[in-house]
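Trainee: To start, I am sharing the structure in question, which I have written as structure tokens.
Laboratory data are not the source of any read-out in this text; all were calculated from the coordinates shown. The structure displayed is predicted, hence computed values, not measured ones.
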Amino acid sequence: MEKVKSPSWFMVVAIILLIWDLFGIMAFVMQAMMTEEMLTAMPAEDQEIYRNTPSWITGAYFVAVFGATLGSLALILKKKWAMPLFILSLIAVIVQMSYTLFAAGVLELKGATSAIFPLIIVFIGAYQIILSNQAIKKNWIV
């Protein structure tokens with residue numbers, strides 16, 4: 001199969017997704033580099049959630065943001081290995097968000113509105129998979 005020229009919007013969307021994913025890396029690094037002073041400035045319930053987050057959830061967060069970023073780079077490079085990276089990333093997002101919202105009790109502590117941003121993240125992760133699948137089917141990426 002020969003690669004087909006992708007529509008111009010495809011590269012624009014891939015770049016926007018890369019920027020989104022880079023914000024995810026920035027958030028991950030900020031959380032990883034959090035000092036004790038920064039932590040004590042947070043509300044008490046946020047401190048408790050942060051202190052009680054297991055390392056495997058932090059690992060899922062790492063896989064989610066770096067997997068998606070590499071997937072977006074693959075889209076820009078027009079490589080079909082973007083799709084398995086996006087799938088891995090979405091699985092990690094679902095693990096991380098499920099723990100945070102339900103097991104860590106964020107929904108109980110902060111209410112239903114605390115699920116809005118995690119749902120947006122899941123939606124974008126699903127869209128990345130759909131987009132890469134479409135690009136593979138139409139031979140925009142190889």
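Trainee: Can you tell me which lysines have their Cα less than 22 Å from the Cα of LYS80? Leave out same-chain residues fewer than eight positions away.
Mentor: LYS3, LYS5, LYS137, LYS138
Trainee: Still on this model: Which one is right for this structure if Rg/Rh (Cα atoms, Kirkwood Rh) is calculated from it: (1) 1.06; (2) 1.04; (3) 0.97?
Mentor: This structure yields the entry labelled (1).
Trainee: Only Cα pairs under 8 Å and at least 6 apart count here; give the relative contact order of the range 8-137 as a rounded whole percent.
Mentor: 26
Trainee: A follow-up question, please. For the range 1-56 and the range 74-117, what is the centre-to-centre distance using only Cα atoms, to the nearest Å?
Mentor: So the separation of the two Cα centres works out to 10 Å.
Trainee: May I pose another question? Does anyone have the angle between helix 116-137 and the longest principal axis of the chain? Alpha-carbon axes, 0 to 90°, nearest 10?
Mentor: 20
Trainee: Nearest 10 degrees, 0 to 90: what angle lies between the long axis of helix 8-32 and the longest principal axis of the chain (Cα atoms)?
Mentor: Once rounded, one gets 20 degrees.
Trainee: Which value at 222 nm does the chain reach when only helices count, each DSSP H run of 4 or more adding -39,500 (n - 2.57), with the total divided by all residues and rounded to the nearest 500 deg cm²/dmol?
Mentor: After summing the helix terms and dividing by residue count, I get -24000 deg cm²/dmol.
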